[in-house]
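Notes follow the structure.
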Amino acid sequence: MKKEGWQFASHSWGHINMTTASVDDIKKDTALWQKEVQPIVGKTPVLIFPFGADIGSFTNYTNDNAKYTYLKSSGFSIFDNVDASKTSWGQLTNNYYRNARINVDGIRLHETMTGENTVLNDFFNTKGFLSS
Ligand SMILES: [Zn+2]
C-alpha cells in the first residue's frame, strides 16, 4: 500500500482512551507504537484518537497540557477527535491542526434514521443503508 502512495496515521498502539489515560500510559503506548508499528507504516504526524477521545476540551491545546506536549514532542501535529454535533470542525494553530471526524457507524445511522441526529444528512441519504 505504501508503494501505491498510501499514507498511514496512528490510531495508537493499544487503542487506549487518551482522555482517561495518564500521561505515563500514553508514553508507554506511544513507545510501543514507535517500536512495533512505525517501522512498518512509516512516520506520521497524524494521530486519530481511539474512541475519538481527545486530550483536551474544544479550546486550544496549550503547553500546560502534558499529554499534548508529549504527543507533540513525539512527532504528532495533526489530531482527530470525534464530534457528530456538526458537519465539520477544525482548529488550526501555528503548532498543530485538530479536527473532528464523524463516526459513521450503526449508532450514528440509527440516530439519523430516528431524527435524533441529522449531521449525516449533509453527506448522504442514510435511508438507503437500512431496511424496515
Ligand atoms: Zn478505533
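Summary of values
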item	result
Residues with amide H under 5 Å from that of Y97, placed H, sequence gap 5 or more	I78, F79
Percent accessible area from carbon and sulfur atoms, the chain, protein chains only, probe 1.4 Å	53
Modelled label reach - A9, point 7 Å along Cα→Cβ, the range 79-93 residues with backbone N closer than 15 Å	79-84, 88-92
Heavy atoms of H15 accessible to a 1.4 Å probe, total area in Å² rounded to 10	80
Relative intensity, log₁₀ I(q)/I(0), of the chain from a Debye sum that treats every alpha carbon as a point, q = 0.20, 0.21, 0.22 Å⁻¹	-1.14, -1.19, -1.25
Theoretical ellipticity at 222 nm over the chain - DSSP helices of four or more residues, -39500 (n - 2.57) apiece, nearest 500	-6000 deg cm²/dmol
Dipole axis of the chain (+1 Lys, Arg; -1 Asp, Glu on Cβ), positive-most option in V37, A21, N103	V37
Accessible area of F124 in the full protein assembly, 1.4 Å probe (Å², nearest 10)	70
Solvent-accessible area of I40 with every protein chain in place, 1.4 Å probe, in Å² to the nearest 10	120
Student exercise, the chain dipole from Lys, Arg, Asp, Glu Cβ charges, in Debye to nearest 20	420
Around A9: net Lys/Arg minus Asp/Glu count, Cβ-Cβ under 14 Å	+3
When each of K2/K67; K27/K86; K86/K127 is checked by Cα-Cα distance, pairs over 24 Å	K2/K67; K27/K86
Two-site label geometry, L92 and K28: point separation in nm, points 7 Å out along Cα→Cβ	3.9
Built amide H within the under 5 Å cut-off of W13, gap 5+	W33
Environment charge at S88 (Cβ cut-off 13 Å; Lys +1, Arg +1, Asp -1, Glu -1)	0
Extended-chain gain in nm, criterion 0.36 nm per residue less alpha-carbon gap, I78 and N121	12.8 nm
Surface per residue (accessible, 1.4 Å probe) for the range 1-101, Å²	60
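The values are calculated or read from the model by the stated rules, or taken from the named source; none is laboratory data. In this text, all values refer to a predicted model and were calculated from it rather than measured experimentally. Note that we place each Cβ from the backbone using ideal geometry, even for glycine, and neighbour counts take in every protein chain shown. What goes into the accessible areas is simple: the full protein's heavy atoms, side chains included, and nothing from ligands, DNA or RNA. Shrake-Rupley method; radii C 1.70, N 1.55, O 1.52, S 1.80 Å.
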